[in-house]
Amino acid sequence: MQSNPFSDRKILFVMTIDTEEEWDWSGDFPERDFSVQNTRNIPKFQEFCNNLGVKPTYFVDYAIISDPASAECLKVPFQRGKCEIGAHLHPWCNPPVEETVNQENSYIVNLPPELVKRKLRNLTKKIEEAIGERPRSFRSGRWGMNEEILKLLADEGYTTDSCVFPFYADSTFSYYGAPDTPYWPDFENLKTRGTQRDIFEIPVSSGFNFKNFELSDKIHQFLSSDPWRHFRMIGILWRLGLFKKLQLSPELTNSSDMISCIQACLRRGHRIIHMFFHSSSLLQGGSPYVSNEADETRFYKSIEDVVHYMKANTNVTFCTLSEAQTRYLEL
């Protein structure tokens, strides 16, 4: 029988949840009367995590933390040491809203830095007032980050960032070429390792079903460009199971493919396995990923499958994002 190469390796498992209002993602960004019904399911989800031994990190935005019932749902497990509360900045619901609310300005990297600073300070203060402790970890809405805002986070006392989404790019930013393992980012180029020791980056787990992520990413970008994208080669290779780009998220990836992603990360020597999703997926109809009871059952089951795989195949410790930073730097 072949031995398991990962069974003795110390691995940290982190689960982060963008904890935010629900809305129709194909429509306009909400500016008032925010719907936060998804947080009513956090007690159920937290109990699910407690039973699995997982300690989630909730990145909380202003719409959530300013709703008393939502804040209470988060405060209870936080005070019991069962989770971490970080900050999540959605500019359209985070005062002061001085910008025009539109697609471009939904990314904080497109806003004036001074405005981002005031939004961040209001969010930080609101979270501290609600749960009794300043947040130390951060993820921006829509993933966008740049060097100036990263430095701002450090200046405001944040010690852990989790905006880097490896092998992902948007119209406003690109994480192509960024490390896919935790690192101290350079304040002059956040996609490179630097010498500062004020704020640590813990990327989410994202990659391919092959160990060589860098080569796989080049192939994926090549097949996504003209003229090859017209032949839909990526879709064909995916359906054949020959080449897959994978993310460790129950919203984007099924159980078996998430486990494939983990296996590829472990073969690359990763010591942190980092799952992510949105709190709106805890509410049926709250996100595009969970529309009905069957989707909800599948969603929970896929998380459970991943956790059981980690327990059975690795020497895993389940921890919050900030705890993962401390433990990782001690490995």
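The values are calculated or read from the model by the stated rules, or taken from the named source; none is laboratory data. Computed from a predicted structure; not experimentally measured. Quick reminder, even Gly has a Cβ in these numbers, built from the backbone with ideal geometry, and neighbours come from all protein chains shown.
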The stretch 23-47 - residue that is buried (at least 16 other Cβ atoms within 10 Å of the Cβ) and of a type in the set (A, V, I, L, M, F, W, C) and, of those, nearest to Ile262 (Cα to Cα): Phe45
Residues of the stretch 144-153 satisfying the condition of being out of contact with any strand residue (DSSP E or B) (no Cβ under 9 Å at 6 or more places or on another chain) and part of a loop (DSSP other than H, G, I, E, B): Gly144, Asn146
The lone exception for Ile272 - which of (1) surrounded by fewer than 22 Cβ atoms within 10 Å (Cβ to Cβ); (2) closer than 23 Å to Asn4 by Cα it fails: (1)
Output for the stretch 100-146, where each listed residue is within 25 Å of Thr326 (Cβ to Cβ) and among the acidic types (Asp, Glu): Glu128, Glu133
Residue within the stretch 60-71 that is in a loop (DSSP other than H, G, I, E, B), in contact with a helix residue (DSSP H, G or I) (Cβ under 8 Å, 6 or more places away or on another chain) and aliphatic (A, V, I, L, M) present: no
Single unsatisfied condition, Glu214 versus (1) free of Cβ contacts under 8 Å to residues at least 24 places away in the same chain; (2) farther than 27 Å from Thr159 by Cβ; (3) in a loop (DSSP other than H, G, I, E, B): (3)
Helices (runs of 4 or more DSSP H) contained in the stretch 224-320 and holding at least 2 residues under 15 Å from Phe208 (Cα atoms): 233-239, 255-267
Residue list for the stretch 93-143, filter: of a type in the set (Val, Ile, Thr) and either assigned to a helix (DSSP H, G or I) or exposed (fewer than 13 other Cβ atoms within 10 Å of the Cβ) (or both): Thr100, Ile108, Val109, Val116, Thr124, Ile127, Ile131
Counted residues, the stretch 321-330 - those being of a type in the set (D, E, K, R) and either in contact (Cβ under 8 Å) with a residue 12 or more places away in the chain or outside any helix (DSSP H, G or I) (or both): 2
In the stretch 295-323, the residues that are surrounded by fewer than 18 Cβ atoms within 10 Å (Cβ to Cβ) and either at pLDDT below 95 or aliphatic (A, V, I, L, M) (or both): Ala312
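Residue-wise test of (1) surrounded by fewer than 19 Cβ atoms within 10 Å (Cβ to Cβ); (2) over 20 Å from the mean Cα position of the chain (by Cα); (3) farther than 16 Å from Asp305 by Cα.
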{"site": "Ser225", "(1), (2), (3)": "yes, yes, yes"}
{"site": "Arg229", "(1), (2), (3)": "yes, yes, yes"}
{"site": "Arg239", "(1), (2), (3)": "yes, yes, yes"}
{"site": "Leu252", "(1), (2), (3)": "yes, no, no"}
{"site": "Cys265", "(1), (2), (3)": "no, no, yes"}
{"site": "Phe276", "(1), (2), (3)": "no, no, no"}
{"site": "Ser279", "(1), (2), (3)": "no, no, yes"}
Residue match in the stretch 86-96 (condition: out of contact with any Ser or Thr (no Cβ under 7 Å at 6 or more places or on another chain) and either more than 20 Å from Ser137 (Cα to Cα) or free of Cβ contacts under 8 Å to residues at least 12 places away in the same chain (or both)): yes
Which numbered condition Asn51 fails, given (1) over 18 Å from Glu21 (Cα atoms); (2) under 21 Å from the mean Cα position of the chain (by Cα): (2)
Residue list for the stretch 23-59, filter: in a strand (DSSP E or B) and of a type in the set (S, T, N, Q): Ser35, Thr57
Selected residue (criterion: surrounded by the fewest Cβ atoms within 10 Å (Cβ to Cβ)) from residues of the stretch 2-22 that are in a loop (DSSP other than H, G, I, E, B) and more than 20 Å from the chain's Cα centre (by Cα): Gln2
Matching residues in the stretch 44-71 - criterion: being closer than 21 Å to Lys126 by Cα, of a type outside the set (D, E, K, R) and free of Cβ contacts under 8 Å to residues at least 60 places away in the same chain: Ala63, Pro68, Ala69, Ser70
Complete set of residues in the stretch 172-183 that are surrounded by fewer than 16 Cβ atoms within 10 Å (Cβ to Cβ) and of a type in the set (Phe, Trp, Tyr): Tyr176
Positions within the stretch 192-207 being of a type outside the set (Lys, Arg) and either without any contact (Cβ under 8 Å) to a residue 24 or more places away in the chain or assigned to a loop (DSSP other than H, G, I, E, B) (or both), in sequence order: Thr192, Gly194, Thr195, Gln196, Asp198, Ile199, Ile202, Pro203, Val204, Ser205
